[in-house]
Amino acid sequence: MHDWLNEHGDYLYRFALARLRDPHQAEDVVQETFLAAIKSPSFAEQSAPRTWLTGILKHKIIDVMRKNVRETVVSDLVDESEDYSMDDFFDAKGHWADKPQDWGMPVDALEQKQFLGVLQTCMEKLPAKAAQIFLMRDVHETDNEEICKELNISPTNAWVMLYRARMGLRKCLEINWLSV
Amino acid sequence: MLDCKQTSQLISQSLDRNLTLRERFGLQLHLFVCKYCKQFSQHLQTLRVALKQMTSAIENNNTIEMPADAKKRIADMVDATSVR
């Protein structure tokens with residue numbers, strides 16, 4: 001098992017970090033993964049340990065994501081779920097307050113790196129819950145139905161949350177990317 | 001005719017559910033005449049792709065390692081569990 005930790009530990013950590021974006025949570029899920037692995041009766045028979053461990057890790061990551069979203073959902077969702085309250089984004093007639101601009105998509109590697117850097121910053125600015133449900137949906141490609149079931153929210157609520165997250169993220173990107 | 005606010009909501013939702021025929025029609029009609037909403041729609045696509053790239057960039061970045069103390073903690077835990 002120590003060999004596995006040396007060989008696959010860093011990879012598993014990066015895998016978790018890429019999805020959770022929180023170093024401590026990433027450490028914890030890797031730890032839980034090894035704990036689950038060592039307790040598994042079949043661990044000695046695994047011929048492809050990395051694949052096997054990653055499989056366990058994925059479940060642990062989803063558990064944490066659920067918990068992250070669930071913890072904040074109630075307080076944040078209740079007050080605003082009736083209306084999108086997107087007054088900052090649209091005028092009274094429903095027109096864009098700030099018109100979406102042409103981003104002139106990054107063509108070379110350097111520009112792409114810069115773009116991802118801006119995206120990273122914007123993700124960090126997003127409220128934790130919004131970022132998490134967004135990650136669940138758009139990175140992890142969790143089924144929408146599953147999100148609703150897990151979080152015990154209606155599909156409409158989920159759409160609203162995702163819409164808000166995307167609106168906030170897009171706006172942040174537009175401001176910061178175009179000023180690069 | 002849908003306004004930009006309604007359209008942006010539908011564009012976002014189209015990533016999460018199948019729109020009805022009527023909604024799709026309204027959306028297309030609006031997109032046909034509104035370059036800003038078209039721009040918005042492209043932005044959401046870009047966001048999705050970029051987020052995936054960001055994820056794989058972290059995953060494949062060999063310079064990121066698990067902190068030594070965490071590794072130590074896990075190694076100790078493995079020992080403690082395997083002795084039993």
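The values are calculated or read from the model by the stated rules, or taken from the named source; none is laboratory data. Here the structure is a predicted model, which is why all the values come from computation and not from measurement. When we count neighbours, we look across all protein chains shown, and the Cβ atoms used for this are built from the backbone with ideal geometry, even at glycine.
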Which one is farthest from the other protein chains (Cβ to nearest Cβ) among residues in the range B:1-38 that are of a type in the set (S, T, N, Q) and over 18 Å from the mean Cα position of the chain (by Cα)?
B:Gln28
Count - residues of the range B:1-45 that are farther than 28 Å from A:Glu146 by Cα and β-branched (Val, Ile, Thr)
1
Restricted to the range A:39-53, and to residues that are under 17 Å from A:Leu12 (Cα atoms) and modelled with pLDDT of 85 or more, which residue is surrounded by the most Cβ atoms within 10 Å (Cβ to Cβ)?
A:Leu53
Taking the range A:115-139 and keeping only residues that are more than 13 Å from B:Leu47 (Cα to Cα), touching a helix residue (DSSP H, G or I) at 6+ places or on another chain (Cβ under 6 Å) and β-branched (Val, Ile, Thr), one is left with A:Ile133
Members of the range A:139-163 found to be at pLDDT below 75 and among the acidic types (Asp, Glu), listed by number
A:Glu141, A:Glu150
Wholly inside the range B:1-78, helices (runs of 4 or more DSSP H) that include 2 or more residues that are within 23 Å of A:Leu119 (Cβ to Cβ) are B:4-13, B:35-59
Test result for B:Thr63, more than 7 Å from every other protein chain (Cβ to nearest Cβ) and either surrounded by 17 or more Cβ atoms within 10 Å (Cβ to Cβ) or touching a residue at least 12 places away in the same chain (Cβ under 8 Å) (or both)
no
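Residues checked against (1) of a type outside the set (S, T, N, Q); (2) within 13 Å of chain B (Cβ to nearest Cβ); (3) in a helix (DSSP H, G or I):
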{"residue": "A:Leu5", "(1), (2), (3)": "yes, yes, yes"}
{"residue": "A:His8", "(1), (2), (3)": "yes, yes, yes"}
{"residue": "A:Ala16", "(1), (2), (3)": "yes, yes, yes"}
{"residue": "A:Gln25", "(1), (2), (3)": "no, yes, yes"}
{"residue": "A:Phe34", "(1), (2), (3)": "yes, yes, yes"}
{"residue": "A:Thr51", "(1), (2), (3)": "no, no, yes"}
{"residue": "A:Thr54", "(1), (2), (3)": "no, yes, yes"}
{"residue": "A:Ile61", "(1), (2), (3)": "yes, yes, yes"}
{"residue": "A:Val64", "(1), (2), (3)": "yes, no, yes"}
Please find, among A:Trp159, A:Trp177, the residue that is among the aromatic types (Phe, Trp, Tyr), farther than 19 Å from B:Ile11 by Cα and part of a helix (DSSP H, G or I).
A:Trp177
Quickly run through the range A:101-155 and pick out the residues that are surrounded by 12 or more Cβ atoms within 10 Å (Cβ to Cβ), part of a loop (DSSP other than H, G, I, E, B) and aliphatic (A, V, I, L, M).
A:Met105, A:Leu126, A:Ile153
